[in-house]
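The block underneath contains the structure these notes are about, expressed in structure tokens.
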Amino acid sequence: MKDIKNLFDSTPPSYHSQNILREVEKLLSEKRLQQRRRALAWLAVPALASFFGLYVWRKQESPQMDFLASEDMLQTISDENNMEMIADLDLLENLDTLEKWNGKDETGS
Amino acid sequence: MEDSELLKKIAKGDSKSFAALFEKYKSKVYGTCYYLVSDKALAEDLSQETWIRVVKSAQDYQPIAPVISWILRIARNACYNELRSRNRWVDLDGEEEQQVPHDQLSVEEILGNFEDESRLKEAIIKLPPQQKMALMLVIQEEKSHSEVAQEMSCSVGAIKVLLFRARESLRRRLEES
């Protein structure tokens with residue numbers, strides 16, 4: 001007895017094989033689409049993790065940066081104050097000079 | 001490429017791998033359906049259903065059995081469900097088990113020394129579905145009677161009865177023709 005294991009084999013009609021290949025192709029294209037979606041999801045994971053890491057780092061660093069910013073601001077304010085003071089001093093000096101000149105005129109010297 | 005590798009690629013949507021697996025086993029799947037349901041149009045539907053199930057559940061395949069055994073099991077289940085829905089599958093009752101005449105018939109004892117394969121195939125297709133299912137599992141899958149009993153959810157005695165009756169029917173039909 002030869003090929004007894006193949007006793008129940010029977011070649012299907014060619015149109016039937018074509019039908020199956022066509023129907024299955026629809027399923028396979030869906031599977032490929034799912035694979036691409038999964039791959040994109042896996043790519044998104046490190047990207048999201050990076051963004052999250054950046055967010056956390058920014059959150060941790062921000063008080064110091066705020067402090068630095070406020071220090072800068074203070075410096076600016078103090079600089080502005082100094083300038084105003086300088087301006088005031090200049091004005092005072094000018095007034096003194098004017099008064100001196102005026103005095104000179106009044107005394108006639 | 002091995003069948004299990006082809007299945008892995010099919011699970012990812014690879015058309016070429018499916019074409020290779022289909023080409024390799026389309027005759028076995030279609031033949032299994034055809035011999036079980038004895039109807040070409042219905043066998044085509046069930047064969048298509050089998051391949052669609054293979055693609056849908058390719059990722060679930062466990063390499064505990066050869067790929068072809070897994071595929072043929074899907075085909076047999078599809079046929080079994082169809083035959084049951086059409087009331088063409090009759091479960092064996094307890095009385096039949098009491099008529100067990102032999103211990104375990106070999107394939108040679110069941111089929112005899114047939115010379116004309118086409119006559120044998122014609123005789124097989126006329127057997128009741130349960131006998132064909134038992135014959136298939138013994139011949140195609142080389143399963144023991146206890147393994148056949150497990151798959152067909154019945155006792156070993158019931159399988160022995162089925163195979164004995166299949167042998168008697170085949171002998172009678174081959175002698176008549």
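Enter the accessible area of residue A:57 (Å², nearest 10), with the probe set to 1.4 Å and all protein chains included.
Taking all protein chains as shown, residue A:57 has close to 130 Å².
Taking the Cα centre of each part, how many Å lie between the range B:59-88 and the range A:1-39?
Between the Cα centres of the range B:59-88 and the range A:1-39 lies a distance of 15 Å.
When only Cα pairs under 8 Å and 6 or more residues apart are kept, what is the percent relative contact order across chain B?
Relative contact order here is 22 percent.
Rounded if a/c is under 1.5, else prolate if a/b is larger than b/c, else oblate: which is the range A:1-43, with a ≥ b ≥ c the root eigenvalues of its Cα gyration tensor?
In terms of gyration-tensor shape, oblate.
Each label point is 7 Å from the Cα along the Cα-to-Cβ direction; what then is the distance between the points at residue A:42 and residue B:153, in nm?
Between residue A:42 and residue B:153, the simple spin-label model gives 3.9 nm.
Three principal axis extents, largest first, for the C-alpha atoms of chain B, in Å?
Largest to smallest, the principal-axis extents are 50, 33, 31 Å.
At 1.4 Å probe size, with no ligands or nucleic acids counted, give the accessible surface of residue B:27 in Å², nearest ten.
Counting only protein heavy atoms, residue B:27 exposes about 30 Å² to solvent.
The values are calculated or read from the model by the stated rules, or taken from the named source; none is laboratory data. Remember, it's a predicted structure, so these values are computed and weren't measured experimentally. Glycine also receives a Cβ, built like all others from the backbone with ideal geometry; neighbour counts cover every protein chain displayed. For the accessible areas, the whole protein counts, side chains as well, though only heavy atoms, and no ligand, DNA or RNA atoms are used. Shrake-Rupley method; radii C 1.70, N 1.55, O 1.52, S 1.80 Å.
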